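Encoded as structure tokens, the structure appears first; notes follow it.
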Amino acid sequence: MHMDFRLYQIIFAGDLRANGQVLFDYLRGLAKIPGEHGFEYCVTSEIDYENDLICGCLSEEYPPNINSVDEDRNVYVPDVAPYLNTYFAIDLQEQRLLIQHREYPANNLNRQQSLVRLATIIKAGFLQAYGVEFDYVDTNRDVTEDEFLEVFEENRITLMRVRLFPQGRLLRDNTEIFEDEEINNSWIEGWNADESETHEVVLKAPGRGGAGDLRRSPIANSLINLPVKEILELNFWSDEDGSSSMSRTDLRKLRVQGIDRHTQPITAIDHLLIDLRNRRDEMRRFIAFRPLE
């Protein structure tokens, strides 16, 4: 049970907290907005503001994909206007915009359109609160190879995907893959003689119901010890959390546990306010550029 969020860095030379209440009041007071083909959208009334965090819900109308049958057994499309929710948050302290990364089954909705709609709404609020245009850029989480190595060392690894490069693909003479020195030296010699020009390696071991662990694989340990490589993905098991994964793609998103698309908006927003307030150090690592000191 979770929600994933994409993070955007807000470009603003100043302190967004100064007029946070003005921005919040603007967003809370918005009426429904007409969209394409007569379908409306709005920021719902559950929007809230605490600890320099504005959390809300963009709700978008879409055509129903349902049929009904009347008393005479005639099929008809009921006059119903369902809405689809996309959660968002504006962290004024960290100058980050978070938007729920979700699927859109309705054919008149998609991620890009929801982002544009929300940005247009916030833009008008920015002009009123700060007198400037609302501008934002996509981010990636600032991550080091050490984080992947820590996961590898501390968990049972069941999948590993590594990218290799033309340089840095030879094992150093002092690398220890096997305890037996003769076997170890022979392994290193054989590894370094490889001329296949392999550029990506995927290793798998039994996960659920098995005892596979790639940490016991000489191939996996050789990959880990290469001077130059990029770990793209790890699947791992722990006694506390069961199956988990870590990938470069996941590092473009922030996962919030404890809520999902079925959670009532007022509950989800309350949860977001608490969760995001306690994860500002983590959000700060999602960067497009580093601010000037």
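The values are calculated or read from the model by the stated rules, or taken from the named source; none is laboratory data. Only a predicted model underlies this, so the values are computations on that prediction, with no experimental measurement involved. Glycine also receives a Cβ, built like all others from the backbone with ideal geometry; neighbour counts cover every protein chain displayed. The protein model used for the area step is the full one, side chains on, heavy atoms only, and it has no ligands, DNA or RNA in it. Shrake-Rupley method; radii C 1.70, N 1.55, O 1.52, S 1.80 Å.
Within the accessible surface of the chain, defined with a 1.4 Å probe on protein heavy atoms only, the carbon and sulfur portion equals 46 percent. Between R17 and V132, the modelled labels are 1.7 nm apart [label points 7 Å from Cα along Cα→Cβ]. Enter the accessible area of R252 (Å², nearest 10), with the probe set to 1.4 Å and all protein chains included. Looks like 80 Å² after rounding. Were the residues from E230 through Q112 laid out at 0.36 nm apart, the gain over their Cα-Cα distance would be 39.5 nm. Principal-axis analysis of the Cα atoms of the chain puts helix 111-129 at an angle of about 60° to the longest axis. At a probe radius of 1.4 angstrom, the accessible area of the chain per residue rounds to 57 square angstrom. Take every pair of alpha-carbon atoms less than 8 Å apart whose residues are at least six positions apart; their mean separation over the length of the chain yields a relative contact order of 25 percent. Phi angles of the range 100-105 translate, via the Karplus equation with coefficients 6.51, -1.76, 1.60 and θ = phi - 60°, into HN-Hα couplings of 4, 9, 9, 8, 10, x Hz per residue; Gly and Pro are given as x.
Axis of helix 265-277 versus longest Cα principal axis of the chain: the two differ by about 50°, to the nearest ten degrees. Once the Cα-Cα distance is subtracted from the 0.36 nm per residue extended length, the T120 to K32 segment shows a gain of 30.3 nm. Sorting the segments 172-178, 3-9 by their mean number of nearby beta carbons within 10 angstrom, highest to lowest, gives 3-9, 172-178.
Computed from Cα positions, the angle between helix 145-154 and the longest principal axis of the chain comes to roughly 70 degrees.
Heavy-atom accessible surface of E189, to the nearest 10 Å², is about 130 Å², with a 1.4 Å probe and all protein chains retained. Full extension of the chain segment joining E103 with I287 gains 63.8 nm, where the gain is 0.36 nm per residue of separation less the Cα-Cα distance.
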